[in-house]
1. Would you check which residues across the range 1-31 are open to solvent by 60 Å² or more (accessible area, probe 1.4 Å) and aliphatic (A, V, I, L, M) and list them?
2. Residue check, Y17 against (1) in a loop (DSSP other than H, G, I, E, B); (2) in contact (Cβ under 8 Å) with a residue 60 or more places away in the chain, all met but one. Which one?
3. Going through I34, I57 one at a time, which residue ends up being part of a helix (DSSP H, G or I), within 13 Å of the chain's Cα centre (by Cα) and either of a type in the set (G, A, S) or surrounded by 12 or more Cβ atoms within 10 Å (Cβ to Cβ) (or both)?
4. Could you tell me whether W48 is out of contact with any Pro (no Cβ under 8 Å at 6 or more places or on another chain), exposed (fewer than 12 other Cβ atoms within 10 Å of the Cβ) and over 12 Å from S77 (Cα atoms)?
Amino acid sequence: MRRRPRKLFDENVPGNYMPANREGWFITFFFVGIGLGVVLAGHLLSAWLNSPWPTYIGWAFFVLLTARFVLFAKRHS
């Protein structure tokens, strides 16, 4: 008999996913850290190039990363 894998996330209300265990919290903090790192890199590159476009691109990647995180949480709930 195969044991059912533990869920990483619980769905409280439709579309709202919360970490269910320690691994879920680790993955959540990992996604948040990567997202903030992308935004910080965009701001630093923007200041270095004196152009607003890297900031815009960094925020766009942050939105895409957030959407991917929600899909990941939905798949693992």
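The values are calculated or read from the model by the stated rules, or taken from the named source; none is laboratory data. Because the structure is a prediction, the values reported are computed rather than measured. Here the Cβ positions follow ideal geometry from the backbone for every residue, glycine too, while neighbour counts run over all protein chains shown. Heavy atoms of the whole protein, side chains included, go into the accessibility calculation; ligands, DNA and RNA do not. Shrake-Rupley method; radii C 1.70, N 1.55, O 1.52, S 1.80 Å.
1. M1, V13, M18
2. So the condition that Y17 fails would be (1).
3. Answer to the selection: I34.
4. Taking the combined requirement at face value, the residue satisfies it.
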